[in-house]
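The values are calculated or read from the model by the stated rules, or taken from the named source; none is laboratory data. Computed from a prediction, not measured in an experiment: that's the story for all the values here. Neighbour counts run over all protein chains shown; Cβ positions are idealised from the backbone, glycine included. Heavy atoms of the whole protein, side chains included, go into the accessibility calculation; ligands, DNA and RNA do not. Shrake-Rupley method; radii C 1.70, N 1.55, O 1.52, S 1.80 Å.
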Amino acid sequence: MHDNDIILKVDEKPAASQWFGLSFQHLFAMFGSTVLVPILVGINPAIALLSSGLGTLAHMSVTKFKVPAYMGSSFAYIGAMTLLMKNGGMPAIAQGAMTGGLVYLIVALIVKFAGKGWIDKVLPPIVVGPIVMVIGLSLAPTAINDAMYTDVANLKGYSLAYIIIALITVLSIVVYSIYGKGFLSVVPILLGIITGYVAAMIIGKITGMNIVSFTGISQAKWLTLPPMEIPFASYKWAFYPSAILTMAPIAFVTMTEHFGHIMVLNSLTKKDYFKEPGLEKTLTGDGLAQIIAGFIGAPPVTSYGENIGVMAITKIHSIYVIAGAAVLAIVVSFVGKITALLQSIPAPVIGGASIALFGVIAASGLKILVENKVDFDIKRNLLISSVVLVIGIGGMIINITQNLQISSVAIATILGIVLNLVLPKDASEI
């Protein structure tokens with residue numbers, strides 16, 4: 001295999017002996033972020049795992065099992081969910097999540113009737129490349145903070161031990177990816193996380209730090225039912241206009257991230273999902289996944305960059321592997337011991353793995369620019385990429401209300417599209 005070869009294409013099935021390991025690797029990759037969102041909001045993480053699995057399978061069904069995208073808990077809604085949890089509780093959050101999903105479905109209908117010819121005009125390589133780079137690099141602080149601080153929420157507790165664990169994890173991933181033979185070469189993320197976990201236990205014992213805790217594992221039950229909250233069954237339905245007004249607009253923000261993730265997948269798999277199965281299908285899949293999440297009492301979901309990073313590193317794009325990860329997430333949500341084991345993975349290990357995953361996404365954006373031979377001697381190209389990169393990586397946000405903001409990725413995407421449309425194509429016209 002050459003470095004640029006795809007080991008498993010989207011429609012190819014892995015060997016039975018490798019399937020579990022490949023899917024479990026994806027479960028590891030998305031786990032930290034998916035369970036962190038409900039923990040921050042005050043929702044049981046098991047229900048987030050269940051909704052991520054169900055949402056992924058729903059997305060696959062809508063997109064005719066052609067798009068290898070994994071759905072996980074969305075960070076964009078955290079502020080709104082925190083507010084609604086205090087004023088209406090889970091029923092309000094659920095209604096807001098389902099409304100956000102409905103927004104996706106409405107936009108999908110508009111896209112269907114507006115046609116697809118506009119996509120190449122709106123999203124050429126000079127826009128797509130920098131946006132994809134921003135998607136990866138804007139996540140870099142998350143990875144580094146996990147790798148550096150014992151108190152990530154408040155960015156306190158700088159720890160050299162954490163940095164060492166994170167570096168062991170990321171370097172292990174590099175070694176397994178480059179030098180691994182056979183099956184070892186296609187599960188570098190899984191092996192890197194296991195290596196980092198062992199290193200965390202050893203370093204914790206040497207330093208006396210409580211880096212890995214097994215208390216949750218010993219206390220957890222083997223079989224547990226995820227605490228679903230279903231309308232009319234778990235609670236009486238009520239109308240929450242504040243939830244709709246708070247969460248529905250955020251759907252437009254996450255939509256821009258959805259476009260970016262599809263761009264990355266297009267580049268990785270050498271396909272054009274905007275045209276087949278179509279942007280209207282991918283949007284519908286996301287919307288349906290959000291509605292399912294709200295219906296069972298879980299946080300809204302969105303496509304995950306972590307899993308795209310796994311595909312980029314392993315060059316395994318099989319839809320069967322992603323579907324396997326979704327099934328595993330559903331199963332794990334019912335097994336308390338496994339959920340607790342995954343929750344015991346320390347932050348620096350997740351941070352180390354994220355350094356590799358997010359970096360590969362960013363490099364994929366650079367690859368788009370190189371492959372399409374974008375000329376940076378042309379002023380418009382230089383300016384478009386400059387604006388997108390600095391705003392996206394710099395972390396600019398626009399606060400609309402106290403609990404609604406437009407993310408840096410969304411702002412960068414919108415500005416990149418607008419600049420490409422309004423700036424003259426001929427450099428001499430500038």
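Below, the figures for the structure above:
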| item | result |
| --- | --- |
| Accessible carbon and sulfur surface of the stretch 294-390 relative to its total accessible area, %, 1.4 Å | 70 |
| Fraction of accessible area attributable to carbon and sulfur, the stretch 98-152 (%, probe 1.4 Å) | 73 |
| Gain in span if fully extended, V198 to A220, counting 0.36 nm per residue against the direct Cα distance | 5.8 nm |
| Cut-off under 5 Å, modelled amide H: who pairs with S234 long-range | none |
| Computed magnitude of the charge dipole of the chain (debye, nearest 20; Cβ of K, R +1, Cβ of D, E -1) | 480 |
| Accessible surface, the chain, averaged per residue in Å² (probe 1.4 Å) | 43 |
| Average Cα contact separation per residue, the chain, under 8 Å, 6 or more apart, as relative contact order % | 35 |
| Rounded to the nearest 10 Å², the accessible area of M98 at probe 1.4 Å | 50 |
| Kyte-Doolittle at least -1.0, axis length at least 18 Å by Cα - qualifying DSSP helices, the chain | 16-41, 45-62, 89-114, 160-179, 188-207, 250-269, 279-296, 319-334, 347-371, 379-394, 408-422 |
| Leading residue at positive end of dipole, the stretch 14-418 (Cβ point charges), from L265, I164, T82 | L265 |
| Per residue, the convex hull volume that the Cα atoms of the stretch 138-208 enclose (Å³) | 91 |
| Stretchable slack from S61 to F113, in nm (0.36 nm times residue separation minus alpha-carbon distance) | 16.6 nm |
| Extension gain, F232 back to I398 (0.36 nm per residue minus Cα-Cα distance, nm) | 56.1 nm |
